[in-house]
Each structure stands twice: as structure tokens, then as C-alpha cells.
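The structure under discussion appears below in the form of C-alpha cells.
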């Protein structure tokens, strides 16, 4: 085999290895990062769907359009991997010769479709054709095995959100969540909520890799949004840890750490711009006036608050800085709302309010 043919064969083999390796990382290895091809495909599909979502005038219509984003992105990732496989094997068939480029494409298409409409006479080409068919079948099996996993992860995520909504109603802010618990005289049960959502954030953090498709799955017709639920619980935990006069805030602090870590891991894996740590973040988007208004609401609901409001404000800013930018970045990417308080705070900062 000549040097030029060897180079062509090597390029084709590299494309096939990249394709199959990407399929394994995408569909099998939990928490795997560095999936450049998948990120590129998702981002390209994102722009197309977000442009299409501007056409419907109703929110229901936009939600319907965006509901197809996740499954279409997954199919396009799979199609792109197959395309790499197809082109890579075509290059190898062409390098083995004697074949024209068109003949190599036909042979590769015959093998990848597993139909076998193009026959090969030499043993190396026959072995290569068999390898292409087996790899294609394996990638189909990976996709089929991945679908129940992603569906299970999605249902687990939505189950926790639905349970919270069933317990306290459609609360869309951390202030409202604590207020509801205070009015029901159930502040002593908050530790149960923090423990449950600490586990939830642990599961969410694992979605950054092989289960990343669940991040873009939407709950049709429910009005629920996982970024909104995450922001609501984290805001409530930040308030409970900083202002509520409780003997023990360890569970709330654990929930905050789990949420911080999960959202930053997701934002980093998806290459979203965010503060890497709370120390790197800008001051929290919530203003002091908003914080004081929240404290007044909680006090009116019967929540015991600590006396030093300034110290509580400083503690709240530190707690919220950890997850704020990552939460907003993920919300912008998925086009799902974050907690209502976060949106109002971000608008206030853009208008030049107190940082």
C-alpha cells in the first residue's frame, strides 16, 4: 500500500474510532465530559429550534416547538456519529483499492445499512465491510439501551418536582416556599425537604454526561421547569441558612453545596459561561431591598428570624453567589425559566439597581 493510501486509511480509521468512542461516552459512561461533537450538534440544533419557537405567538405553541428539541438533538447526534462512521469506512475502502471514490462510498453505504447490496471480492474489504456492519449494529444497540435510561432519569427528576408542587402548590420562589411552610407551622419539617433535594441535586449533577439529554426534556402542558424548581429550592435554602432563626442549618447548607456543585458541573460540561466558584461570582442579583421585603413577608407568616439583618444579608449574598450564574446560564440554554425571584433580580441589575 502506498504512503498516500496509508494516510487515507489512517484518517478513515481515526474517524471510525472517534465515532464509536463518542457513542460510548455519550450513551454509556455516566458523567463523561469532553463530548465536543455532541455539544456542537446540540448548539446548532438549539439555534434552529429557538428561531422556530419565535413563530408561535402563544406560550403553549412555543412550548410545543421546544418540546421536540431534546429528541431531535439526540437523533441528530446519532446521525452525525453514523456519518463519521460512513465517511471513515469509505476512506478505508478507497485506500484498500482498486476503487474509485464513488465505488468506495457505495460499498460503505452497503455495509452501514447492513443490506449488503454491494459485493466485495477481496478478503480485507470483506472483513472491513463486516466490521462496519457490526459497529453500526452496536451503535444502534447503544442508542436503544440509552432511551430507557434517559426516560427513567427524566421521570425521576419530574417526580420530585411534582411531589413538591403537590405538597405546597405551584410555588415559584424560595420566599414563597418558606412562607408556605411557616403558615402551615411546618418549619421543623424543612430538613426533610433539604435531604430529599440534596439527593435530587446529586442525580441532577450526573446528568452532565451520558444523561445530558434529560436536561432538555420538557414536561409538556404541566408548566413545570426543573431550573425553576432548582432555583426555588436553592433560594429557600439560602434564606433558611442565613435569616431563619434555627438551631441547626446543616441540612440546608448541604442542600446548597449539592446544588452549587450540580449546577456548576452542568454549566462546565456544556461550556456555559458562569462563575467557577462562589468567590469568583459577582454580587448576587437580588437587591437589599428585595431581601428586606422577603424577610418582612417571612416574619408576617410567623417565621422566626435572626435579629442581625446585616449579617443575614451578607450570608445570603455569599450563599446565592455560589449557584446564581450557573443557574441562569442553564436556564438560558434550556430556554426554561429560573425561579421568579432570580428573574426579577436580574432585571433589576440590568436597570442599574443595587448589585
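The values are calculated or read from the model by the stated rules, or taken from the named source; none is laboratory data. Since the structure is predicted, the reported quantities are computational estimates derived from the model, not experimental observations. Backbone-built Cβ (ideal geometry, glycine too); neighbour counts: all protein chains shown.
If you take the residues in the range 223-256 that are part of a helix (DSSP H, G or I) and free of Cβ contacts under 8 Å to residues at least 24 places away in the same chain, which one is surrounded by the fewest Cβ atoms within 10 Å (Cβ to Cβ)? Quick ask: steps written out before the conclusion?
Our first condition is that a residue be part of a helix (DSSP H, G or I); within the range 223-256, this holds for 226-242, 250-256.
Adding the requirement that they be free of Cβ contacts under 8 Å to residues at least 24 places away in the same chain leaves 250, 253.
On the way: 250: 11, 253: 17.
Selected residue: 250.
Report yes if residue 203 is part of a helix (DSSP H, G or I) and at pLDDT 90 or above, otherwise no. Reasoning before the result, please.
Details: part of a helix (DSSP H, G or I): yes; at pLDDT 90 or above: no.
No: the conditions fail for residue 203.
Is it the case, given these coordinates, that residue 318 is at positive phi and at pLDDT below 90? Walk me through it before giving the result.
On the way: at positive phi: no; at pLDDT below 90: yes.
No.
Quick one: would you say residue 42 is under 25 Å from the mean Cα position of the chain (by Cα) and crowded, with 16+ Cβ neighbours inside 10 Å?
Details: under 25 Å from the mean Cα position of the chain (by Cα): yes; crowded, with 16+ Cβ neighbours inside 10 Å: yes.
When the stated conditions are applied, residue 42 passes them.
Can you confirm whether residue 219 is surrounded by fewer than 22 Cβ atoms within 10 Å (Cβ to Cβ), closer than 28 Å to residue 78 by Cβ and at pLDDT below 75? Show your work before the answer.
Values: surrounded by fewer than 22 Cβ atoms within 10 Å (Cβ to Cβ): yes; closer than 28 Å to residue 78 by Cβ: yes; at pLDDT below 75: yes.
When the stated conditions are applied, residue 219 passes them.
Given the options 69, 89, 84, 93, name the one that is crowded, with 19+ Cβ neighbours inside 10 Å, assigned by TED's automatic domain parsing to the domain that holds residue 121, over 30 Å from residue 128 (Cβ atoms) and at pLDDT 75 or above. Full working, then the answer.
Details: 89 fails: over 30 Å from residue 128 (Cβ atoms); 84 fails: over 30 Å from residue 128 (Cβ atoms); 93 fails: over 30 Å from residue 128 (Cβ atoms).
Residue meeting the stated conditions: 69.
Right, residue 121: exposed (fewer than 13 other Cβ atoms within 10 Å of the Cβ) and outside any helix (DSSP H, G or I) or not? Spell out how you get there, then give the answer.
Working: exposed (fewer than 13 other Cβ atoms within 10 Å of the Cβ): yes; outside any helix (DSSP H, G or I): yes.
In short, yes.
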